[in-house]
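Peer 1: Sending over a structure as structure tokens; questions will come in a sec.
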Amino acid sequence: MEITLVILASLNAVLLIWIGLQSARQKARSKNLSYISHKIEGLIAEHSNEKLLLVTEDHELKRLLVAMNHLLDHQHALKAQHLRMEESMRKMLANTSHDMKTPLTVILGYLEMIRLDPMISIEERGQLMVKVESKAGEVLALINRFFDLAKLEAKDTEISITRVLMNEICRTNILTYYDLVTAKGIEVSIEIPDFDLYAWGNEDVLARIMNNLISNALNHGADGKRMGVTLRADERFVYVDVWDQGKGIAETHLDHVFERMYTLEDSRNKLYQGSGLGLTITKRLVEQLGGTIHLESKPYEKTVFTICLRRFQY
């Protein structure tokens, strides 16, 4: 009987200790949860990038803290992206205003000359109208590029991806510029393998990408008097290099050339006035084909844009 009472007393003591420990643990958890709640409210109110730090042996709370810190990291990244986008939009509006104002001012000037000068000859009038048409075309082209970029970023344009013979894409598009390249006295190097290389892509989209990159090389690399197109591949990917040996792009600008409205007058040639949309559109088009584009530049050695596409395997 006495043994039974001792055992019951011991069990009761153990139970009371366990209850006490659970109560203390619950209080500690409640205190920690209250701290986390107030800390998060403070971080939100102060727009702080600080993380949640708490010393605890509670494994569930540790997992909660890790998950919440990951969420905060994601929130901070979204905030930084939003700020970059706002800055990009401000620059885009400023550059757009400048790019559209210049040709529109010229157009208005020519039209005013035609309207106010009664002695203007038919020949002079025709010459001025040709200039008006040219400047109007510049404005229209800028507007079209904006619409193109808007569609690409909104993913409103569906692109059918099929097997594409890259040899023909490279050969056809570089030959399109043969007369212009020859007129500028530029030596062209074309390295296309004898065997067929196929990639997953779209002929029309790839033609536009190639035209953008070749035109870019002509506009900014002509002073090097040498440019080229190289087609190569490994087991998984097909690569197209469009390169020139011109002035190149400073290292500080390499990470920015694909940004909206980042004009190449900032990075390569101050005499060239561009909308800053061509390379952004090119990058979006490559991405819609499931590919990537990369830039490397050493002034007067080699500036190369490399397109990487998935290789079509039989």
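Peer 1: In Å², what does the accessible area per residue of the stretch 155-196 work out to with a 1.4 Å probe?
Peer 2: That works out to 69 Å² per residue.
Peer 1: Same structure again: Quick check: residue separation of LEU104 and GLU168 times 0.36 nm, minus the Cα distance between them. What number comes out in nm?
Peer 2: Result: 19.0 nm gained on full extension.
Peer 1: Full-extension gain between GLU86 and GLU41, please, as 0.36 nm times their residue separation minus the C-alpha to C-alpha distance.
Peer 2: Value of the extension gain: 13.6 nm.
Peer 1: Using heavy-atom solvent-accessible surface (probe 1.4 Å) with all chains present, what is the largest-first order of PHE305, PHE146?
Peer 2: The most accessible residue leads, giving PHE146, PHE305.
Peer 1: Give LYS39/LYS62; LYS135/LYS247; LYS39/LYS79; LYS101/LYS131; LYS27/LYS62; LYS31/LYS51 a once-over and call out the pairs whose C-alpha atoms are over 23 Å from each other.
Peer 2: Over 23 Å Cα-Cα: LYS135/LYS247.
Peer 1: Classify the stretch 120-245 as rounded, prolate or oblate, taking a ≥ b ≥ c as the square roots of the eigenvalues of its Cα gyration tensor: rounded when a/c is under 1.5, otherwise prolate if a/b is larger than b/c and oblate if not.
Peer 2: It comes out oblate by the Cα gyration axes.
Peer 1: So if each residue of separation counts as 0.36 nm, and I subtract the Cα-Cα distance between ILE114 and GLN127, what length gain in nm does that give?
Peer 2: Result for the pair: 3.6 nm of gain on full extension.
Peer 1: Which order do TYR198, TYR300 take by accessible area at a 1.4 Å probe, largest first?
Peer 2: Order by accessible area, largest first: TYR300, TYR198.
The values are calculated or read from the model by the stated rules, or taken from the named source; none is laboratory data. Quick caveat: nothing in here was measured; it's all calculated off a predicted structure. Ligands, DNA and RNA are stripped out before the accessible areas are found, and what is left, the full protein with its side chains, is counted by its heavy atoms. Shrake-Rupley method; radii C 1.70, N 1.55, O 1.52, S 1.80 Å.
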